[in-house]
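Okay, structure first, notes after.
The values are calculated or read from the model by the stated rules, or taken from the named source; none is laboratory data. From a predicted model like this one, the values you see are computed outputs, not experimental measurements. Reconstructed Cβ throughout: ideal geometry from the backbone, glycine too, with neighbour counts over all protein chains shown. Just the protein is used for accessible areas: all its heavy atoms, side chains included, with ligands, DNA and RNA removed. Shrake-Rupley method; radii C 1.70, N 1.55, O 1.52, S 1.80 Å.
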Amino acid sequence: MTFQELNLTTPLRNAIDDLGFEKPTPIQEQSFNVIGSGSDVVGIAQTGTGKTFAYGLPILKNLPYSEQDNPRVLVLVPTRELVVQVVEEFEKIAKYVNVRILGVYGGTNINTQKRAIAEGLDILVATPGRLYDLALSRVLQLKSIQKLVIDEVDVMLDLGFRHQLLNIFDLLPQRRQNIMFSATMTKDVDALITDYFINPKRISIAVSGTPLDNIKQERYNVPNFYTKVNLLNHLLNDIDTYNKVLVFVAYKRMADRLFDQLEESFPGESCVIHSNKTQNYRLRSINQFENGDNRILIATDVMARGLDIDNISHVINFDTPDYPENYMHRIGRTGRAEKEGHALVFSTEKEQEALENIEQLMQMQVPLLELPAMVEISTELIEEERPQLKERYNPLKHRDEDAPGPAFHEKKEKNKKTNQGGSYRREIAKKYKKPKTRGDKNYNRRNKKKRR
Ligand code: AMP
């Protein structure tokens, strides 16, 4: 397909020509008419696929010139870097279009942003927290929003923004188009779509780039978490074969739990990445894994998107992903650059259905291996594996995931100090080697009087 066939307006065509793009990327091709039609859309696409223009082009094409001050398009993204990036991309294609674009994010002066908003705008790109603050301050009116885009929604939910997103939804007009892009499908993303989207059209670019021929896939049936740990330990004992191992788990708590287990059997050999770890910590982990200081990297799906590390000897799916696309992304981390890769997947009884879905997507069966005899079968169950007590329906009870998430940045040096009590008392105590305060002085004086 060519850009001609997308029926772009002349200003957009000219901007595309200036950029030197030859043809739309697959996600752009698929999104253009669907987003243009005005229905709710969920797109599964990673950074680098051209997803920003996939929503940028149809939005700009259908945004008539207006002199009104309130924004009509809201784009929410998880980080300030992405705000900057998305604004830049929009400015590139809107080069010949008369449209006002503004990016706002936290950690900078809110008053400057308020003044910029007061000047009027059409498209607002924002991080959720700052957007909400601006909306509450009444400088920003959201009543004219016709289109809401949530980009990298998987990262956003993983960072604990669900609560903030719901607050923002409350401020938006009911009648609006919802457009969402996510690199991975997760339970949280699914729940958000089900609860807030109306008959969304789904667009997903086939994960055809995954070189299945290069990857040897095998699987084990394993009854529970601790037996999976035993099996993993058994495999990892073979240091020569398992020399650079990426272990995938479904969620953060599982990542930490598995890390603790591996620390016991292989101290100092593993590192971990998930969204409760700071950016610095994650980068450090990835570096250590990449240059071989750590043999094992434990990762969640959301944080491992786009991991670009060569020579991974094994991808181990410690759990069987619910969404087959995630499995494809996971195993695609091995078997790169013509090298043979190796992927293993561990599945419990409960995970067999997910496994069938994966096999269906790939149109092939993953060979089953026998559990090695020396792997001990554990009967101990972790919390999630124990039978659940069903709670009676209680609509008033807040769901856990609606709670604001923890802060995910490292504390500043000055905020790391703990409160040691009043500084005066501490200084006096240091000077006199024993607690002595003005109160004590009066007490002694009173007692002296009595004694007289
Ligand atoms: P994104 O996935 O939106 O982060 O975009 C990744 C990069 O691809 C950006 O630098 C875009 O400028 C570029 N890009 C977007 N669409 C196209 C296209 N049709 N042809 C070539 N490059 C593109």
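Miscellaneous remarks
- Solvent-accessible surface of region 217-361, averaged per residue with a 1.4 angstrom probe and all protein chains in place: 40 square angstrom.
- Kirkwood hydrodynamic radius of region 47-135, Cα pairs, Å: 13.4
- Rg/Rh for region 279-370 (Cα atoms only, Rh after Kirkwood) is 0.98.
- Packing order of peptides 352-359, 177-184, 105-112, highest average first: 177-184, 352-359, 105-112 (average count of other Cβ atoms within 10 Å over each peptide's residues).
- When only the Cβ of Lys, Arg, Asp and Glu is charged (+1, +1, -1, -1), the dipole of the chain relative to its Cα centre reaches about 5240 debye.
- Normalised by 2.2 N^0.38 Å, where N is the number of residues, the alpha-carbon radius of gyration of region 215-385 equals 0.96.
- Calculated on alpha-carbon atoms, Rg and Dmax of region 119-228 in Å: 19.1, 62
- Computed over the chain: relative contact order in percent, which uses C-alpha pairs under 8 Å that are six or more apart: 15
- In this structure, Asn111 and Asp69 have a Cβ-Cβ separation that, at R0 = 22 Å, corresponds to a calculated FRET efficiency of about 0.80.
- Remark: accessible surface ordering of Leu165, Leu371 (largest first) is Leu371, Leu165, probe radius 1.4 Å.
- Two-decimal log10 I(q)/I(0) for the chain, as the Debye equation yields it once each C-alpha is a single scatterer, q = 0.06, 0.11, 0.14 Å⁻¹: -0.36, -0.97, -1.34
- Computed 3J(HN,Hα) for region 373-390, one whole-Hz value per residue from the Karplus formula 6.51 cos²θ - 1.76 cosθ + 1.60 where θ = phi - 60°, is 4, 7, 7, 6, 8, 8, 10, 6, 10, 7, 3, 5, 8, 6, x, 8, 7, 7, glycine and proline marked x.
- Cut-off under 5 Å, modelled amide H: who pairs with Phe181 long-range: Gly43, Ile150, Asp151, Glu152, Val153
- Heavy-atom surface of region 1-95, accessible at 1.4 Å and reported per residue (Å²): 44
- Ordering of 128-137, 227-236, 144-153 by packing is 144-153, 227-236, 128-137, highest average first (other Cβ atoms within 10 Å, averaged per residue).
- Rounded to whole Hz, the Karplus (6.51, -1.76, 1.60) HN-Hα couplings of region 172-183, x for glycine and proline: 8, x, 4, 7, 7, 9, 9, 10, 9, 10, 9, 7
- If only the Cβ of Lys and Arg carry +1 and only the Cβ of Asp and Glu carry -1, the dipole of region 3-204 around its Cα centre is close to 460 debye.
- Based on every Cα atom in region 272-313, Rg and the maximum pairwise Cα distance Dmax equal 9.6, 27 Å.
- Each residue of region 252-261 is assigned a 3J(HN,Hα), and the resulting list reads 4, 4, 5, 4, 5, 5, 5, 4, 4, 5 Hz, derived from the Karplus form 6.51 cos²θ - 1.76 cosθ + 1.60 (θ = phi - 60°), x at Gly and Pro.
- Spatially, region 287-323 and region 212-265 are offset by 11 Å when compared through their Cα centroids.
- By accessible area, using a 1.4 Å probe on protein heavy atoms only, the chain has 47% of its surface on carbon and sulfur.
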